[in-house]
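> Could you have a look at this structure, given as structure tokens, before my questions?
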Amino acid sequence: MSGASPVTVDGPLARFVRETLGCGCPDEVVAATVLDAGPQGELGLDVGGRLLVRVLPAEDLDRLVDGFPETVERLLAERDRRGFNRLRLVVAHPQPELVGETLRAMLAAIHAADDRVFVHGVPPEAVPAALAAMSP
């Protein structure tokens, strides 16, 4: 399901995409960002049809780590099926550096050849309210 209203290039979702995730997408791509949920309920963003962002649940970190390879495979398939250029996986956790480092190491082990997928550990307050409150 995709949200119908695009965001402004200086709004909270655009700042999240550009500043928190480091996306250098042009204004016209960022302006076409909509809220989006994956088939299994992952919350996220469709950034102008080019960048797929998915926020992974971090309440049960052991479960996230155990299922991470399968989650990555499924979300890569979604990225490719929908024609996105890149996939950014976001995990909001009070220890973002540790979580991000762990998952990036796992990602490197399972997808060394795919340079179009990224993992970001971020503090929970970095996730925009509109995205955090989105219902799948």
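Since every read-out is calculated from the coordinates, none of them should be taken as a lab result. Because the structure is predicted, anything quoted here is derived from the model rather than measured. Heads up, the Cβs are rebuilt from the backbone with ideal geometry, glycines too, and the neighbour counts pull from every protein chain shown.
> Starting from residues that are polar (S, T, N, Q) and not in a loop (DSSP other than H, G, I, E, B), keep the ones in segment 19-58 and report whichever is nearest to His93 (Cα to Cα). Can you show your working first?
Going through segment 19-58, the residues polar (S, T, N, Q) turn out to be 20, 33, 40.
Next, from what is left, pick out any that are not in a loop (DSSP other than H, G, I, E, B): 20, 33.
Numbers: Thr20: 14, Thr33: 24 Å.
Filtering segment 19-58 for residues that are polar (S, T, N, Q) and not in a loop (DSSP other than H, G, I, E, B), the one nearest to His93 (Cα to Cα) comes out as Thr20.
> Which residues, taken from segment 78-109, are part of a helix (DSSP H, G or I) and either exposed (fewer than 12 other Cβ atoms within 10 Å of the Cβ) or of a type in the set (Phe, Trp, Tyr) (or both)? Spell out the reasoning first.
First, the residues of segment 78-109 that are part of a helix (DSSP H, G or I): 78-82, 96-109.
Correct list: Arg81, Glu97, Ala105, Ala108, Ala109.
> Filter segment 13-48 down to residues that are more than 15 Å from Arg82 (Cβ to Cβ) and of a type in the set (D, E, K, R), then give me how many there are.
5
> Which is of a type in the set (D, E, K, R) and in contact with a strand residue (DSSP E or B) (Cβ under 6 Å, 6 or more places away or on another chain), of Arg74, Arg86, Arg81?
Details: Arg74 fails: in contact with a strand residue (DSSP E or B) (Cβ under 6 Å, 6 or more places away or on another chain); Arg81 fails: in contact with a strand residue (DSSP E or B) (Cβ under 6 Å, 6 or more places away or on another chain).
So the residue among Arg74, Arg86, Arg81 that is of a type in the set (D, E, K, R) and in contact with a strand residue (DSSP E or B) (Cβ under 6 Å, 6 or more places away or on another chain) is Arg86.
> Being in contact (Cβ under 8 Å) with a residue 40 or more places away in the chain and buried (at least 21 other Cβ atoms within 10 Å of the Cβ) is true for just one of Leu52, Leu56, Leu43. Which residue is that?
On the way: Leu52 fails: in contact (Cβ under 8 Å) with a residue 40 or more places away in the chain; Leu56 fails: in contact (Cβ under 8 Å) with a residue 40 or more places away in the chain.
When all the criteria are applied, what remains is Leu43.
> Does Val72 qualify as being buried (at least 20 other Cβ atoms within 10 Å of the Cβ), assigned to a helix (DSSP H, G or I) and in contact (Cβ under 8 Å) with a residue 24 or more places away in the chain? Please lay out each step first, then the result.
Numbers: buried (at least 20 other Cβ atoms within 10 Å of the Cβ): yes; assigned to a helix (DSSP H, G or I): yes; in contact (Cβ under 8 Å) with a residue 24 or more places away in the chain: yes.
Against the criterion (buried (at least 20 other Cβ atoms within 10 Å of the Cβ), assigned to a helix (DSSP H, G or I) and in contact (Cβ under 8 Å) with a residue 24 or more places away in the chain), Val72 qualifies.
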